[in-house]
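Single-structure report; data block below.
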Amino acid sequence: MEKRVTFKGWLLPLCLIAPQVFISAVFFFYPAGQAVWQSLFIPDPFGLSSQFVGLENFEYLLGDPYYRASFVTTAIFSTLVTLAAMIPALFLAVMADRLVKSAGVYRTLLIWPYAVAPAVAGVLWLFMFNTRVGVIAWYLGQLGYDWNHVLNEGEAMGLVVVASAWGRISYNFLFFFAALQAVPRSIIEAAAIDGARFWRRFFTIVLPLLSPTTFFLLVVNIVYAFFETFGVIHTITSGGPQQATTILVYKVFSDGFVGQDLGSSAAQSVILLIVVGLLTVLQFKYIEKRVHY
Amino acid sequence: MATVELDDIKKRFGATEVIKGVSVDVADGEFIVIVGPSGCGKSTLLRMVAGLETISDGELRINGTRANEREPMDRDIAMVFQNYALYPHMSVAQNMGYGLRIKGLPKAEIAAKVRDAAELLQLTELLDRKPRQLSGGQRQRVAMGRAIVREPSVFLFDEPLSNLDAKLRVQMRLEIRELQAKLGITSLYVTHDQVEAMTMADRMIVMNEGRAEQIGTPLDVYERPESLFAAQFIGSPSMNVVAAEGREDGLHLGDMVLPNPTGAHGTVMLGLRPEHLSPDPGGPITMEVLLAEPLGANTLLHGRLANGQSFTVSLPGVHRAGHGSQTLRLSIPPDKMHVFDKKSGRRLG
């Protein structure tokens with residue numbers, strides 16, 4: 001039974017939700033409103049005045065090949081980050097779930113990368129792959145592979161994907177591990193008696209039972225790849241080489257704060273807002289139906 | 001069709017031995033009930049037969065060949081779990097056909113087998129439902145269906161009825177027994193309910209603290225319990241057990257003297273089933289009645305003997321004389337008296 005608490009007056013409930021409303025207003029609604037408002041203006045080259053242009057910023061953006069390329073980059077980047085963060089996490093969780101001894105140690109160690117801030121993670125990976133002093137770049141050189149993510153677009157993308165996904169593996173691992181522990185033992189045993197061996201069992205029984213968790217992580221990881229990978233990209237590639245790793249969020253930054261085109265930058269963030277909103281609605285509408293059993 | 005042989009099966013978790021050597025030969029088509037209080041190791045024993053627990057010592061043979069190291073899927077068994085363990089994301093038909101699909105049978109054949117089993121269990125209407133849309137009894141049936149569809153050599157049941165209400169339990173008890181008799185599949189059935197054990201078993205294994213106290217037909221165990229534990233565990237209300245002194249002229253219970261059918265000497269434990277006692281003005285047992293429980297068909301009288309030991313009698317019909325403090329004289333035929341060694345609890349004579 002659901003328990004509902006009913007308040008007598010309105011003062012107490014108001015006080016209780018006030019902090020949340022205040023935080024949302026100051027840190028979300030106000031900046032979002034500002035962005036929408038600014039997206040309707042073009043500032044002059046010196047930033048001293050701005051001129052109202054209506055929807056021209058949007059019109060320009062949608063016709064801009066660089067902006068459209070950034071869309072594609074973002075799609076590739078977020079897909080890769082989500083996959084690279086979720087599949088290894090699931091694999092590690094499945095392995096940890098099989099452990100009987102020292103599962104706690106293993107679990108604790110796997111959670112550590114999550115404590116590393118994205119920008120720091122970016123620097124860390126940058127050092128390992130640095131074309132001049134990077135350890136891994138050097139080993140790759142020994143093997144005859146000339147690693148250069150500063151020039152090679154594919155390598156640059158690969159590096160930012162790995163650096164972004166790395167810390168998330170820990171986060172996803174935690175959720176997958178908890179979900180795996182919640183799968184009733186007897187169902188697994190029943191499947192074993194029914195003749196299914198480990199991986200067969202995993203794909204036909206365990207994975208479907210994990211689907212609510214998988215779906216949740218899918219949404220959370222896509223949103224992460226969209227918004228929170230800025231630090232990684234900024235430290236490793238700064239969006240280069242040639243825009244190859246300029247995802248939408250990074251373009252908002254580089255157009256607005258490097259290029260000083262605040263109007264276009266604001267318009268981009270409005271578009272981003274709409275895109276993510278649509279994506280989330282779409283995911284919940286479509287996939288949620290298939291998630292519950 | 002299969003025989004199952006347990007040869008001195010043991011299970012250790014670290015230093016503690018939870019199964020201390022159980023041996024039994026199960027004949028083809030036999031229905032064996034493993035019964036005992038919680039924690040006696042009965043489920044562990046079943047899980048070792050299933051291959052879900054490793055066997056620490058001893059040998060398990062299915063159809064005459066050693067099965068200790070075989071994986072559960074290679075033992076040709078099916079198991080019904082206490083919580084049914086249905087796959088929640090699959091329909092009833094998919095649940096039942098899962099094992100066949102793993103085996104790689106053609107779809108049409110799977111569908112036909114599932115349909116046959118569903119008919120047998122009256123599940124035809126429910127084949128498209130998901131487990132969460134079923135009642136407890138229906139889930140139980142699906143779990144049974146999943147087991148029989150695969151036509152295994154051995155059925156294993158792990159307290160399959162304990163999550164059902166009393167009425168449904170009686171009904172399912174009959175159904176399982178009928179089904180097993182019809183299919184003739186060797187079965188091992190674990191329960192803590194002695195009524196289930198009595199009514200379903202061809203033979204039962206009474207377990208206590210990792211040991212088989214007695215293996216025999218239900219009536220064997222009831223009429224000739226081999227140990228104090230088996231004597232008290234089987235039968236309801238449970239057997240009266242009182243300490244007695246064996247002498248030449250009979251068994252002395254304080255001032256009361258009963259016949260001594262075994263000729264035992266020294267202190268022994270005497271077991272008397274409540275239903276075997278009858279009122280007899282000249283009987284040797286004097287009991288002070290403190291409380292009566294009229295059950296309709298019979299009446300339970302609770303009280304104590306002259307030496308203070310508590311005692312229960314079950315008398316047929318309604319017995320109005322039981323209320324208040326009142327003394328009752330009882331007698332028992334000597335062949336219904338069970339005498340056990342005080343130390344080992346084993347039966348004497």
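Here the accessible area of chain B is 48 percent carbon and sulfur, with a 1.4 angstrom probe and all protein chains present. Remark: chain B carries a charge dipole of roughly 1020 debye about the Cα centre, counting +1 on each Lys and Arg Cβ and -1 on each Asp and Glu Cβ. Summarising the strand pairing of the protein assembly as shown, around 80 percent of its internal DSSP beta bridges are antiparallel. Considering only B:I9, B:G254, B:A50, the residue lying farthest towards the positive end of the dipole of chain B is B:A50, judged by Cα position with unit charges set on Cβ. Can you give the net charge of the other residues whose Cβ lies under 15 Å from the Cβ of A:R197, counting K and R as +1 and D and E as -1? Taking every other residue near A:R197 into account, the sum is +3.
Among A:G231, A:P13, A:N148, pick out the residue whose Cα is farthest towards the positive end of the charge dipole of chain A, where Lys and Arg carry +1 and Asp and Glu carry -1 on C-beta, about the Cα centre. It is A:P13. When the charge dipole of the protein assembly as shown is built from unit charges on Cβ atoms (+1 for Lys and Arg, -1 for Asp and Glu) and taken about the Cα centre, the candidate among A:G134, B:T186, B:L120 whose Cα reaches farthest toward its positive end is B:L120.
Counting only other chain Cβ atoms within 10 Å of each residue's Cβ, the peptide B:68-74 averages 3.
Remark on A:E228: its backbone amide H falls under 5 Å from none of the residues 5 or more positions apart or on other chains, H modelled at 1.01 Å from N. Per residue, the accessible area of the protein assembly as shown comes to 50 Å², computed with a 1.4 Å probe over protein heavy atoms only. The mean count of C-beta atoms from other chains within 10 Å of the C-beta of residues in B:90-98, rounded to a whole number, is 2. With θ taken as phi - 60° and the Karplus curve 6.51 cos²θ - 1.76 cosθ + 1.60 applied, the whole-hertz 3J(HN,Hα) list for the stretch B:78-83 is 9, 10, 10, 8, 4, 9 Hz, x standing for glycine and proline.
Residues with beta-carbon under 15 Å from that of B:V257, excluding B:V257: net charge, scoring Lys, Arg +1 and Asp, Glu -1? The answer is -3. Charge dipole (Cα centre; +1 on Lys/Arg Cβ, -1 on Asp/Glu Cβ; no other charges) of the stretch A:25-149 amounts to roughly 740 debye.
For chain B, DSSP calls about 75 percent of its internal beta bridges antiparallel. Residues of the stretch A:157-187 buried by at least 20 Å² of accessible area upon assembly of all protein chains, compared with the chain on its own (1.4 Å probe): A:S186, A:I187.
Other residues with beta-carbon under 15 Å from the beta-carbon of B:A93 carry, at +1 per Lys or Arg and -1 per Asp or Glu, a net charge of +4.
For the segment A:197-207, counting C-beta atoms of other chains within 10 Å of every residue's C-beta and taking the mean gives 2.
Proximity of backbone amide H atoms, modeled 1.01 Å from N, is registered between B:R211 and B:K20 at under 5 Å, excluding neighbours fewer than 5 places apart on the same chain. Amide H contacts for A:V116 (H built 1.01 Å from N in the peptide plane; partners 5 or more residues away or on another chain; cut-off under 5 Å): none found.
Rounded to the nearest whole Hz, the Karplus-based 3J(HN,Hα) values (6.51 cos²θ - 1.76 cosθ + 1.60, θ = phi - 60°) of the stretch B:334-346 follow the sequence x, 6, 9, 8, 10, 10, 10, 5, 5, 7, 8, x, 7, with x at glycine and proline.
Coupling constants for the stretch B:211-225 follow from the phi torsions by the Karplus curve (6.51 cos²θ - 1.76 cosθ + 1.60, θ = phi - 60°), and in residue order they are 10, 7, 6, 7, 10, x, 5, x, 6, 4, 5, 6, 7, 9, x Hz; glycine and proline get x. For the listed peptides A:130-137, B:241-248, a ranking on the average number of other beta carbons within 10 Å per residue, highest first, reads B:241-248, A:130-137.
Taken about its Cα centre, the stretch A:63-290 carries a charge dipole of about 820 debye when Lys and Arg each add +1 at the Cβ and Asp and Glu each add -1 at the Cβ. Could you check the spin-label model distance between A:F227 and A:L207? Points 7 Å from the Cα along Cα→Cβ, value in nm. Reported label-point gap for A:F227 and A:L207 is 3.0 nm.
The values are calculated or read from the model by the stated rules, or taken from the named source; none is laboratory data. Just so we're clear, the structure is a prediction, and the values are computed from it rather than from any experiment. When we count neighbours, we look across all protein chains shown, and the Cβ atoms used for this are built from the backbone with ideal geometry, even at glycine. When the accessible area is computed, the model is the full protein with side chains, heavy atoms only, and any ligands, DNA or RNA have been set aside. Shrake-Rupley method; radii C 1.70, N 1.55, O 1.52, S 1.80 Å.
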